[in-house]
Amino acid sequence: MPIDLYYLPGSAPCRGAMLTAAAVGVELNLKNTDLMKGEHLTPEFLKLNPQHTIPTLDDNGFALWESRAIQQYLADKYGKSDSLYPKDPAKRALVNQRLYFDMGTLYQRFGDLYVSLNYYYIYSVPDDVRRRPQGRGEGEEAGRGPRVP
Ligand SMILES: N[C@@H](CCC(=O)N[C@@H](CS)C(=O)NCC(=O)O)C(=O)O
């Protein structure tokens with residue numbers, strides 16, 4: 001039976017789940033889920049994942065979201081060895097430490113920065129200012145991009 005993954009190609013958490021699936025030899029039935037069209041907010045999707053995030057895995061009726069939890073599940077259930085996600089407590093703890101660091105610090109901060117820069121630039125900067133060339137010297141003030149708070 002196919003394992004469904006609701007995803008978008010450009011989403012980093014989705015890529016993490018897909019990479020792990022490939023590493024353990026699981027073929028996923030990829031279900032493109034367009035957030036801009038609200039496909040994650042349909043009653044059917046909310047029944048599967050009330051938190052309405054992708055990636056969401058549906059392994060024959062077992063629904064799971066949070067990319068790192070999906071990765072751990074795939075490695076535990078389908079890994080041919082425990083090399084990706086060791087059973088030894090200390091080795092597993094090191095993998096978990098990296099996963100928690102990624103989730104709580106690294107990716108979190110990257111996301112905060114990326115989103116704030118993009119949204120600030122797209123929505124807060126008047127068109128005419130955005131189009132002015134960046135530069136030093138005369139006219140610099142007028143041409144300077146926005147200050148990011
Ligand atoms: N911590 C989650 C983050 C998932 C996430 O935020 N996914 C975004 C797309 S990259 C999403 O589904 N956003 C829609 C929403 O939150 O409603 C994970 O690692 O799976």
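Quick notes on this structure:
- From the options LEU64, LEU46, residue that is more than 20 Å from PHE101 (Cβ to Cβ) and part of a strand (DSSP E or B): LEU64
Quick grid of which residues meet (1) among the charged types (D, E, K, R); (2) modelled with pLDDT under 95; (3) assigned to a loop (DSSP other than H, G, I, E, B):
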| site | (1), (2), (3) |
| --- | --- |
| ILE54 | no, no, yes |
| ASP58 | yes, no, no |
| LYS80 | yes, no, yes |
| LEU99 | no, no, no |
| LEU113 | no, yes, no |
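- Test: residue in region 30-45 that is near the ligand (Cβ under 9 Å from one of its atoms), crowded, with 17+ Cβ neighbours inside 10 Å and within 17 Å of the chain's Cα centre (by Cα): yes
- Count of residues meeting criterion [of a type in the set (S, T, N, Q) and more than 11 Å from the ligand (Cβ to nearest atom)] in region 1-29: 2
- Complete set of residues in region 46-56 that are touching a strand residue (DSSP E or B) at 6+ places or on another chain (Cβ under 8 Å) and within 10 Å of the ligand (Cβ to nearest atom): ASN49, GLN51, THR53, ILE54, PRO55, THR56
- Output for region 64-100, where each listed residue is hydrophobic (A, V, I, L, M, F, W, C), over 18 Å from the mean Cα position of the chain (by Cα) and closer than 18 Å to GLY16 by Cβ: ALA75, LEU84, LEU94, VAL95
- Restricting region 82-97 to residues that are among the aliphatic types (A, V, I, L, M) and in a helix (DSSP H, G or I), the residue that is surrounded by the fewest Cβ atoms within 10 Å (Cβ to Cβ) is ALA90.
The values are calculated or read from the model by the stated rules, or taken from the named source; none is laboratory data. Here the structure is a predicted model, which means the values were calculated and not measured. All Cβ positions, even for glycine, are placed from backbone atoms using ideal geometry, and neighbour counts span all protein chains on display.
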